[in-house]
Amino acid sequence: MSQTARCISIVLLTAVIMLTASAVDAKKRIAVLDFDFNAIQHWWEGDWDIGRGIADILVTKLVTDGHYSVIERKQIETILSEQDFSHSGRVDPATAAKIGKILGLDGIVVGSITQFGTEDKKTGGIGGVIGNRAGVLGGVGVKKTKAKVAINARLIDVNTAEILAVSEGVGQSKRSGLLLGGMGASSNRVGGGAFEMTSSNFRETILGEATESACDSVVQDLVEQYTKLPGTKLEISAKIADYDATEKEVTINVGAEAGVAVGQVFAVERVTREIKDPETGQVVRRVTEEVARFTISEVGKGYSVGKVTTGTDLQVGDLATLVE
C-alpha cells in the first residue's frame, strides 16, 4: 500500500470512529416509571408489585437493545422521594414530563397493565384471575390454562409533555399450565411473597412467558419510534466541594436531582479573569481555563463523587461542567 493510500485509510478510519463516537454521545436518555395496575384484580396475596416488575423487565430489555441510554432506578427513586408526586399521578403526561425534566431526560416511559392472568376474561374479570382469602377462583393452582398479559406504554417528550408514541404489548403463553407453577402457587392460594419478575424462575412459568412476550412487543415499538424523540443536550454545572489529592477523588455539590449519572465526564474550570461593566460593576463575562477532568463513580442526594483522570490542580470552589 502506498503512503498516500495509507494516509487516506487512516483518515477514513478516524472519520468512522468519530461518527461512531458521535452516535454514542447522541444517545437519547430515558427512564421507565413503574406501571400502573389498578385495573387488575389483585388475585395474589402479599405485596407483589407487578407494575415495578414490568418496569424492571422493560429497563433490562432496553439496556440490552442499546438504542436508548436508560437511567438507573435509584436516581428515579431519589427524585420521587424528594418531590410530592402521587403514585397514581405519575402516569399523567404532564407529571411524567416534570419528573423527566428534573432528571435531565429526553423522554420518559409510563404505562399501565390491562391484563395479567388467564386468557379467559370470564374467569379472570378485568384482565386476571380473581382471588379471595378463602382461596383462588379460576384455578390458579389447580386448573391448567394459558396465561395472557397486556400492557399499554407511552413515550413522553419531557419538554412538551407530548405523547410521542403509544405501544400496546400483548403476550400469551404458548403452552398451558399453572400460572405460577413452581413458584409457590397452590390449590389454596398464591404465595404471599413478592416474585422477582426478572428472574429465570418467573420466566419459566406460563405467566412469565406471557409477560416476556408483551414486554418484547413494547420494546420493539419504542425502538422503532426512537427518531420521534428529540434529543436534548444535558447541561450540568457544579462546584468542587472537596478534593482528596491522595485518592484523586473529587466531590461536587450536585447529585441525581441534577441529572448526574455514573460514567459522566466533567471538566474542571477555573476563573482566570472577570470582566465587569464599568458603569454597574456587575460581572459581564468570566474567562476560564480547564485544569482537570474526572469521571463520576458515585451519585447521591445533593452530591456526586468522581475519579480524576487528567490534571491535579483542583481546588474547592472550582467550577465543574458536564462535557460527555
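Bear in mind these aren't lab numbers, they're just calculated from the coordinates by the rules spelled out. Predicted model only: the values in this text are computed from it and were never measured. Neighbour counts run over all protein chains shown; Cβ positions are idealised from the backbone, glycine included.
Only one residue of VAL265, ALA245, THR310 has its Cα farthest out toward the positive end of the dipole of the range 237-322, where Lys and Arg carry +1 and Asp and Glu -1 on Cβ, and that residue is VAL265.
Would you mind checking LYS27/LYS248; LYS101/LYS301; LYS61/LYS307 for any pair whose Cα atoms are more than 27 angstrom apart? Let's see the in-between values first.
Working: LYS27/LYS248 29 Å; LYS101/LYS301 17 Å; LYS61/LYS307 30 Å.
The pairs that break the limit, which is 27 Å between Cα atoms, are LYS27/LYS248; LYS61/LYS307.
Rg of the Cα atoms in the range 237-322, relative to 2.2 N^0.38 Å, amounts to 1.17. Neighbours of SER167 by Cβ distance under 10 Å: Lys/Arg scored +1, Asp/Glu scored -1, total -2.
Sparse packing (at most 15 other Cβ atoms within 10 Å of the Cβ) combined with a DSSP loop state is found for the following trypsin sites (Lys or Arg not before Pro) in the range 251-324: LYS301.
Once backbone amide H atoms are built at 1.01 Å from N, LEU164 has LEU155, ILE156, ASP157 as its partners under 5 Å, excluding neighbours fewer than 5 places away on the same chain.
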